[in-house]
Amino acid sequence: MPVDLDAPYTLDPQVSLRPERFGALAYHFGNRKLSFLKHPDLVAVVESLDGTGSLRASLVAVGVDERRWPTFVTALNTLEASEMICIRSERPEVDGARA
Amino acid sequence: MDTAIENPPTDAAATDLLEPAEAAVTTDDLVVEELLVEEVSIDGMCGVY
Amino acid sequence: MPAPDSLLAPQPPTATRPLVEEFRSGLDAPICLTWEITYACNLACVHCLSSSGRRDPRELTTAQAKDVIDELERLQVFYVNIGGGEPMLRTDFFEIVDHAVDHHVGVKFSTNGTYIDDAAAERLASMDYLDIQVSLDGADATVNDLVRGEGSHAAAMAAMERLARADFGPFKISLVVTRHNVDQLGEFKRIADDFGAQLRVTRLRPSGRGADSWHDLHPTQDQQRQLYHWLIDRPDVLTGDSFFHLSALGDPLPGLNLCGAGRVVCLIDPVGDVYACPFVIHDEFRAGNVLDPGGFTDVWRRSELFTSLREPESPGACASCGSYDACQGGCMASKFFVGLDLTDPDPECVKGAAEPLLAAIANGGSTGLIPTPSLDHSRPGVPVPAPVRLRRK
């Protein structure tokens, strides 16, 4: 499902995000999918998700130029499709498997 | 997106004297990025049985 | 709307490198790794890459094993493939596996299935972040037991049936492709489909005990082509990127098509020695030991061996071949244990580039040049499977 720029998102608690020099690795312990986030700005957006009210707000907070947003939305759609990021419920999170 | 960015990056001003293709590359660099997420199978790495 | 001076964003967009290039130069931690937790084994497979059989008295203790897991957790190694020998022969097997999955290290373990009784199947089914890979090298006992020993096919099938009864969910069936089972690929797929399991096929290397039977067991060139086309048609069959040397035949097979040894994966053996991969258990490819002062982290990041593996490779003898980009010159383990140089073509090079070199080795009687495994935990006097010669139909 394509991401909703105005919804609040979170990194799935079953995902381990591991910084690398080129960006980050993200591994989902539940579905065993492995994704490469190939730019530090994308990593910054993902890391900022819990602290902002929407994807749009995260993109702005990280300072991503709006002309790059289509590329970022494509990336976020991919992460959503592999269940790495999901819409955040506003109830308190139960502690998951995330390191 | 509600507002378009009207002014090109300052670099572009200096590229007015360059070939149009070079100026286009400078602006396009900002916008046209490759795929930022690449998926790979964790079962697809040689050296683990 | 961002202010003008942030138009270029905190970091300018850069042309991202292909993934495989990032991997080639190595990462700060493995993505996953193989961990052989014991050399003890109840079987004596002809081709065992770790020459397993007898437990090594220097085996890591339970506490040391847990320390390894804790270090892998800190490094964010995502999962370990626990093997052996037969890993379930360790009395602390469940303790180790529980510790891993409780500490953010996923587990897949490779087993011959002998010790998966109903109780074990139930326990395994109740665990999360745990995957099982059952070894099977023949779709029937005739082909399988020739390599793995009498009764081993039945034991593996019984284990899988118990896992199914316990509702374990999808598991993996792993076969080493040999001259004798290539014609059974379809049957293997059916067995896997019947169980709702994933089929994984993996390459036979002349490693461990495999050195003795490799010349008789490895698939022929025709069979390699047969396998390649079968795999191309079935992207759902896993290979562990084991056959990247076959990518020279046409479109690349799914996977990284890259040797991951010392770059994104490695082996930790039962005594804590760290090798580039499970197919090169030999001093030449030993990087250090997890009990060394800097632990596994230091071995991974700073050992001479791994540092050199992460340097750009030269194509060597393959420089003039148009397929080098596809096959990377093949597998260093395969080259090493048949007596080839690491800059030589792969012994199973699809273009036959290694044939003259292999013939010279065979004719020159150069047994002195063929490396033997540094460790041999084979059990003497244990009935080994019959000589590997099947009547061709």
(request) Quick one: among A:SER48, A:SER35, A:SER58, which has the greatest mean-square fluctuation in a GNM of chain A with alpha-carbon springs under 10 angstrom? (result) A:SER35
(request) Treat region C:85-180 as a sphere of radius equal to its Kirkwood radius over Cα pairs and apply Stokes-Einstein at 37 °C in a medium of 0.692 mPa s; give the translational diffusion coefficient in µm²/s, rounded to a whole number. (result) 237 µm²/s
(message) With unit charges on the beta carbons (Lys and Arg positive, Asp and Glu negative) and the dipole taken about the Cα centre of the protein assembly as shown, which residue among A:PRO70, C:PRO380, A:LEU59 sits farthest to the positive side?
(response) C:PRO380
(request) Could I have the simple spin-label model distance between C:SER320 and A:GLU83, label points 7 Å from Cα toward Cβ, reported in nm to one decimal? (result) 5.3 nm
(request) Using a 10 Å cut-off on Cβ atoms, rank the peptides C:194-203, C:236-245 from the highest mean neighbour count down. (result) C:236-245, C:194-203
(request) Would you mind working out the magnitude of the charge dipole of region C:207-363 relative to its Cα centre, with +1 at each Lys and Arg C-beta and -1 at each Asp and Glu C-beta, to the nearest 20 Debye? (result) 200 debye
(request) May I have the extent of the alpha carbons of region A:10-58 along their three principal axes, as whole Å values ordered from largest to smallest? (result) 29, 24, 12
(request) Over all directions, average the projected area of the Cα convex hull of the protein assembly as shown and note it in nm². (result) 28.5 nm²
(request) Before anything else, pin down the relative contact order of chain C: Cα pairs under 8 Å, at least 6 apart, normalised by residue count, whole percent. (result) 20 percent
(request) Please list the equivalent ellipsoid semi-axes of chain A, computed as the square roots of five times the alpha-carbon gyration tensor eigenvalues, in descending order and whole angstrom. (result) 19, 16, 12
(request) In nm, give the distance between the simple-model label positions of C:THR307 and C:GLN221, each being 7 Å from the Cα along the Cα-to-Cβ direction. (result) 4.2 nm
(request) Give the Rg (one decimal place) followed by the Dmax (whole number) of chain C, computed from C-alpha coordinates and expressed in Å. (result) 21.4, 79
(request) Among C:CYS32, C:GLY330, C:PRO18, flag the residue with its Cα farthest along the positive direction of the charge dipole of chain C, charges on Cβ as +1 for Lys/Arg and -1 for Asp/Glu. (result) C:GLY330
(request) Calculate the mean, over all residues of peptide C:256-269, of how many other protein chain Cβ atoms lie within 10 angstrom of the residue's Cβ. (result) 3
(request) For C:ASP376, put the label point 7 Å out on the Cα→Cβ axis and report which residues of region C:42-69 keep their amide N under 12 Å from it. (result) C:51-52
(message) What's the magnitude of the charge dipole for the protein assembly as shown around its Cα centre, counting Lys and Arg as +1 and Asp and Glu as -1 at the beta-carbon? Answer in Debye, nearest 20.
(response) 2200 debye
(request) Rank C:MET127, C:ILE96, C:SER242 by how far each Cα sits towards the positive end of the charge dipole of chain C (+1 on Lys, Arg Cβ; -1 on Asp, Glu Cβ) and give me just the farthest. (result) C:SER242
(request) Averaging sequence separations of C-alpha pairs under 8 Å and six or more residues apart, then dividing by the length of region A:3-84, give the relative contact order as a whole percent. (result) 34 percent
(message) Within a 10 angstrom radius of the beta carbon, how do C:TRP35, C:TRP230 rank from fewest other beta carbons to most?
(response) C:TRP230, C:TRP35
(request) Taking the Cα centre of chain C as origin, sum charge times position over the Cβ atoms of Lys and Arg (+1) and Asp and Glu (-1), and report the length of that vector in debye to the nearest 20. (result) 920 debye
(message) Which residue fluctuates most in the GNM of chain C (Cα springs below 10 Å): C:SER308, C:SER174, C:SER25?
(response) C:SER308
(message) Viscosity 0.890 mPa s, temperature 25 °C: what is the translational diffusion coefficient of region C:138-178 from Stokes-Einstein with a Kirkwood Rh over Cα pairs, rounded to a whole number of µm²/s?
(response) 224 µm²/s
(request) Rounded to the nearest 500, what is the 222 nm mean residue ellipticity of chain C from helices alone, with -39500 (n - 2.57) per DSSP H run of 4+ residues and division by all residues? (result) -9000 deg cm²/dmol
(message) I need the fraction of alpha carbon pairs in region C:239-285 separated by more than 13 Å, rounded to a whole percent.
(response) 59 percent
(request) Report, as a whole number in µm² per second, the diffusion coefficient that Stokes-Einstein gives for region C:169-272 at 37 °C and 0.692 mPa s using the Kirkwood radius over alpha carbon pairs. (result) 221 µm²/s
(request) Output the relative contact order of region C:41-114, whole-number percent, from Cα pairs under 8 angstrom with separation of 6+ residues. (result) 36 percent
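No lab work stands behind these numbers, since they all come straight from the coordinates. Owing to the predicted nature of the structure, the values given are computational and were not obtained by experimental measurement. In this analysis, Cβ positions are derived from the backbone assuming ideal geometry, glycine residues included, and neighbour counts consider all displayed protein chains.
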